[in-house]
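Accompanying notes for the structure given below.
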Amino acid sequence: MDYIGDMFSLKGLSYSQYLTSRKYDRGERHIKNLFDGLVTAVEYAIYLGVHGSIIEFGTGWGLSTNILAYANKGASQHWDNPCRNMYLLDTFSGMPKPSHEIDKNQKSWIGGEFAGLSALELSEVLEKHIPSNNIKIYKGLFSETISKIPENEIFAVIHVDCDYYHSAKEVLTFLFRSKMVAVGAILIFDDFNCNQARNDLGERKAWTEIVKEFGVNFSFVRAHSVSGSQFIIHSYM
Ligand SMILES: C[S@@+](CC[C@H](N)C(=O)[O-])C[C@H]1O[C@@H](n2cnc3c(N)ncnc32)[C@H](O)[C@@H]1O
């Protein structure tokens with residue numbers, strides 16, 4: 001009998017017996033962690049009164065979008081708040097080919113990946129959670145669609161799941177420059193630790209530069225998956 005197993009009373013098993021009896025299930029844990037991470041982020045914004053809508057860059061198969069909509073509906077009903085608008089941006093035809101030198105230097109995405117739900121399919125799925133007037137879908141490259149967001153919008157929850165350095169930098173530059181990031185907003189990166197967590201590639205590089213360019217004062221909140229990280233924005237210039 002090993003000491004740790006005894007200490008936690010693992011159904012009479014030693015710790016090593018307990019672990020060998022447990023099935024390794026990567027998929028189930030990933031979904032569970034992602035679900036908990038995204039739902040808690042939306043709950044944080046709604047319960048603690050952070051102003052603004054929810055925005056997602058990169059909807060792909062709609063997995064994260066669905067979770068955000070589920071949380072939006074559930075938390076706003078629970079705390080008797082109006083449902084937040086959800087802005088959803090994607091090509092809806094998969095990853096564009098990398099256009100920036102930094103993205104050409106990584107090997108994970110070459111273009112065409114993640115051609116998931118169409119804009120119509122996404123909207124139909126989301127309408128099962130939230131009213132259609134809360135759903136704002138923008139189809140096309142971010143460079144063509146982001147400036148169409150109404151200029152008086154502000155965002156409480158920002159989910160960046162667009163993988164490339166250039167895509168992440170483009171959308172964050174727009175939001176920070178347009179002062180669309182609410183005080184206390186929660187900023188979620190899905191791919192923060194990709195590329196061996198190198199600060200000179202991907203979403204990490206984009207965030208490192210944004211922090212410097214806009215003098216962002218922020219707190220690290222949590223990691224919600226092997227690659228995902230969340231931050232709260234306190235102030236910026
Ligand atoms: C990993 S997928 C998103 C997965 C999705 N969040 C989910 O849970 O199913 C990344 C998405 O980012 C989109 N994307 C990346 N760069 C883009 C750009 N510059 N303009 C528009 N969409 C872009 C791709 O089309 C792709 O669907």
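Structure data summary
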{"quantity": "Listed peptides 87-96, 210-219 by packing density, highest first (mean Cβ within 10 Å)", "calculated": "87-96, 210-219"}
{"quantity": "For residue 117, residues with placed amide H under 5 Å, excluding near neighbours", "calculated": "61, 62"}
{"quantity": "Reachable lysines, given that their alpha-carbon falls under 23 Å from the alpha-carbon of residue 32 and they are not under 8 places away in the same chain", "calculated": "23, 73, 128"}
{"quantity": "For segment 218-233, 3J(HN,Hα) per residue [Karplus equation, 6.51 cos²θ - 1.76 cosθ + 1.60, θ = phi - 60°, Hz, x = Gly/Pro]", "calculated": "9, 10, 6, 9, 6, 9, 10, 6, 4, 10, x, 9, 10, 9, 10, 9"}
{"quantity": "Under 26 Å from the Cα of residue 104 - lysines, other chains or at least 8 residues apart", "calculated": "139, 169, 205, 212"}
{"quantity": "The chain - convex hull of the alpha-carbon atoms, volume per residue in Å³", "calculated": "160"}
{"quantity": "Mean residue ellipticity (222 nm) of the chain, computed from DSSP H runs ≥ 4 via -39,500 (n - 2.57), nearest 500", "calculated": "-11500 deg cm²/dmol"}
{"quantity": "In Hz, Karplus ³J(HN,Hα) per residue of segment 133-141 (6.51, -1.76, 1.60; θ = phi - 60°; x = Gly, Pro)", "calculated": "6, 8, 9, 10, 9, 10, 9, x, 5"}
{"quantity": "Three principal axis lengths of segment 28-139 [C-alpha, angstrom, descending]", "calculated": "47, 29, 28"}
{"quantity": "Sequence-distant aspartates and glutamates (8 or more away, or on other chains) whose Cα lies within less than 16 Å of residue 179", "calculated": "151, 153, 170, 213"}
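Here, each number is a calculation from the coordinates, and none is a lab measurement. Everything numeric in this text was worked out from a predicted model, so none of it was measured. For neighbour counting, all protein chains shown are included, and Cβ atoms are generated from backbone atoms with ideal geometry for every residue, glycine included.
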